[in-house]
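Data first, discussion second: the structure below is written as structure tokens.
The values are calculated or read from the model by the stated rules, or taken from the named source; none is laboratory data. Predicted model only: the values in this text are computed from it and were never measured. Cβ sites come from the backbone with ideal geometry, for glycine too, and all protein chains shown count toward neighbours.
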Amino acid sequence: MAGITGIGSGMDIDAMVGALVAAEKAPKEAQLTRLATATTTKISALGTLRTALSSFQTALKDLNDVKLFENRSAKSSSTDLLTATASKTAQSGTYSVKIEQLATGSKTATAALESDFTTGVAGTLTIKVGDGEGVAVDLGEGASLMQVKDALNATLEGSGVTANLLTDPSTGKARLVMSSTNTGEGKDVSIATSAGLEALAIDTGGAASAVAGGVLERAQNAKFTIDGLALQSATNKVEGAIPDVALDLVSADKDKTATITVAQDKEGVSANVKKFVTAYNNLIKTTNSLTKVTKVGEDGQPLAGGLVGDSSVRSILSGIQNELTSVGGSDGVRMLSDLGITTQKDGTLAVDDKKLGTALEKNFGAVGGFFTGEAGLMNRLNSRVEGFNQSGGILAQRVSGLEATNADIKTQREKLDLRIESMSTRLYAQFNAMDTLVAQLANTSSWLENTLSSLPGVVKKQQ
């Protein structure tokens, strides 16, 4: 019925109904809007808090890993010569290494052939790496050197052996060259042929000459010394020379010495300690932001964080801070301050690298005992947080409750819309009835006036 104005009364019914409906709707609408805004803000703030807590728990888990304190590191003083890795069972120690030569694969070649060479008959080439099992490659009659090369590469793909062609510009003659990444003495590549293909044979018994085929570069072992003891390896990845330590030989220089130091993985532990401190500091900064009230101008409305005065935040921080200041561990490492970790004025933690390094150097085992295990700091801190942040925990339940509130707000809005619609309909009916009545009364008045004015003896009013 909106849009109808008072035809009989001359009143603006739309405006009157609109004003009455707005007066009825505005207070409840404003209340629901404020509640929805506050609820959404809290849900977002709790999500931010849970993210910071999850990062904090991840750092706790990483530092609570006993394997971290079992790991061993192997450092090379000259990574341009070699690198090293160590398993957790490696014994601590230092080793002097010199590398005389690296392990290499071989290069062999056929005799020099005319560039237009083709196979006179069909047959088979058998390629071997040292004394290994041969690989057969079938060739058809009339195959060119390029076709031979392609056939070899197709069959040998993935074996570490490749074929190529090299041509002497001065003579125009070409050789089929076999290259291998299979390192170690005795692993030269040879080719045996069936009858009629002898020109493609490679015999590794001697070196290639200007005319004959043979070995261009022999496969060789790596040669090196550890603490003066001469050793050899078929590959440049050396395992077993030092128990539980793998060496990767990078380059050879018999006049240079690299020192390998095998020790506890202090750098790995230090990195995880700093990761824990960073995660804690992020948690403190996050909670400060969520519980801060910022004044805006002299007369402005203060901006409040989503969790100002929140009891869960206070409980979480109180529990964490109690554990951080409690005494645990064993002699030498009983508090965070023993590791050079102290609390700053803003509540965050700071790390003294020198003091942490000294503690790891002198009391590595005690540091592990302080952080790990059932009674370790990391487990105690996680216990303080887990009840709040776990699936179905306090914070999750609060979010569920707030989401239920949002759903209820939606229901209340729908009910308000229905009530306002009903009220609007009722008001239009009332005002239109009034308008009709006024119109009827006006018509009756007009009729009476006309009737009475026409009666005999009635003097009409002069206009």
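What the table below lists for this structure:
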{"quantity": "Hits in segment 229-262 - residues which are surrounded by 18 or more Cβ atoms within 10 Å (Cβ to Cβ) and over 20 Å from Glu185 (Cα atoms)", "calculated": "Ile242, Val245, Ala258, Ile260, Val262"}
{"quantity": "Qualifying positions in segment 163-177 - under 51 Å from the mean Cα position of the chain (by Cα) and in contact (Cβ under 8 Å) with a residue 60 or more places away in the chain", "calculated": "Leu176, Val177"}
{"quantity": "Near pairs, Cβ below 7 angstrom, 6+ apart or cross-chain, from segment 55-67 (over 15 Å from Thr286 (Cβ atoms)) to any residue that is of a type in the set (Phe, Trp, Tyr)", "calculated": "Leu60/Phe276; Leu63/Phe276; Leu63/Phe371; Asn64/Phe371"}
{"quantity": "Thr162 at pLDDT 95 or above and closer than 30 Å to Ser76 by Cβ", "calculated": "no"}
{"quantity": "Residue in segment 243-255 that is touching a strand residue (DSSP E or B) at 6+ places or on another chain (Cβ under 7 Å), under 30 Å from Met378 (Cβ atoms) and either charged (D, E, K, R) or outside any loop (DSSP other than H, G, I, E, B) (or both) present", "calculated": "yes"}
{"quantity": "Residue within segment 295-309 that is assigned by TED's automatic domain parsing to the domain that holds Lys42, modelled with pLDDT of 90 or more, of a type in the set (S, T, N, Q) and surrounded by fewer than 18 Cβ atoms within 10 Å (Cβ to Cβ) present", "calculated": "no"}
{"quantity": "Search result, residues across segment 175-185 that are more than 17 Å from Leu152 (Cα to Cα) and in contact with a Lys or Arg (Cβ under 9 Å, 6 or more places away or on another chain)", "calculated": "Glu185"}
{"quantity": "Odd one out for Thr451, checked against (1) among the β-branched types (Val, Ile, Thr); (2) under 30 Å from Ala23 (Cβ atoms); (3) not assigned by TED's automatic domain parsing to the domain that holds Asp12", "calculated": "(2)"}
{"quantity": "Scan of segment 178-219 for residues that are over 56 Å from the mean Cα position of the chain (by Cα), surrounded by 15 or more Cβ atoms within 10 Å (Cβ to Cβ) and either among the polar types (S, T, N, Q) or not assigned by TED's automatic domain parsing to the domain that holds Ala143 (or both), ordered by number", "calculated": "Ser194"}
{"quantity": "Residue within segment 122-144 that is within 39 Å of the chain's Cα centre (by Cα) and either hydroxyl-bearing (Ser, Thr, Tyr) or in the same structural domain as Asp203 (by TED's automatic domain parsing) (or both) present", "calculated": "no"}
{"quantity": "Test for Thr83: is it surrounded by fewer than 19 Cβ atoms within 10 Å (Cβ to Cβ) and in a strand (DSSP E or B)", "calculated": "yes"}
{"quantity": "Evaluation of Glu239 against (1) part of a loop (DSSP other than H, G, I, E, B); (2) free of Cβ contacts under 8 Å to residues at least 60 places away in the same chain (one fails), failing number", "calculated": "(1)"}
{"quantity": "Selection from segment 98-113 of residues that are under 20 Å from Glu185 (Cβ atoms) and crowded, with 18+ Cβ neighbours inside 10 Å", "calculated": "Lys98, Ile99, Leu102, Ala103, Thr104, Gly105, Ser106, Lys107, Thr108, Ala109"}
{"quantity": "Test: residue in segment 365-374 that is in contact with a helix residue (DSSP H, G or I) (Cβ under 8 Å, 6 or more places away or on another chain), surrounded by fewer than 17 Cβ atoms within 10 Å (Cβ to Cβ), assigned to a strand (DSSP E or B) and not basic (Lys, Arg)", "calculated": "no"}
{"quantity": "Subset of segment 263-276 (residues that are surrounded by fewer than 17 Cβ atoms within 10 Å (Cβ to Cβ) and either farther than 30 Å from Gly340 by Cβ or among the hydrophobic types (A, V, I, L, M, F, W, C) (or both))", "calculated": "Ala271"}
{"quantity": "Candidate set from segment 337-361 (those that are within 19 Å of Asn282 (Cβ to Cβ) and out of contact with any helix residue (DSSP H, G or I) (no Cβ under 6 Å at 6 or more places or on another chain)); member that is surrounded by the most Cβ atoms within 10 Å (Cβ to Cβ)", "calculated": "Ile341"}
{"quantity": "Within segment 51-79, considering residues that are closer than 12 Å to Asp265 by Cβ and not hydrophobic (A, V, I, L, M, F, W, C), the one surrounded by the most Cβ atoms within 10 Å (Cβ to Cβ)", "calculated": "Arg72"}
{"quantity": "Unique residue being surrounded by 16 or more Cβ atoms within 10 Å (Cβ to Cβ) and in a helix (DSSP H, G or I) when the list is Leu46, Leu20, Leu35", "calculated": "Leu46"}
{"quantity": "Qualifying position, being surrounded by 18 or more Cβ atoms within 10 Å (Cβ to Cβ) and farther than 22 Å from Ala195 by Cβ, among Val148, Val129", "calculated": "Val129"}
{"quantity": "Residue within segment 376-389 that is without any contact (Cβ under 8 Å) to a residue 12 or more places away in the chain and in a helix (DSSP H, G or I) present", "calculated": "yes"}
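Yes/no per residue for (1) surrounded by 11 or more Cβ atoms within 10 Å (Cβ to Cβ); (2) of a type in the set (A, V, I, L, M, F, W, C):
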residue	(1), (2)
Gly376	yes, no
Arg384	yes, no
Gly392	no, no
Ile409	yes, yes
Gln412	yes, no
Glu421	yes, no
Ala429	yes, yes
Ala439	yes, yes
Thr444	no, no
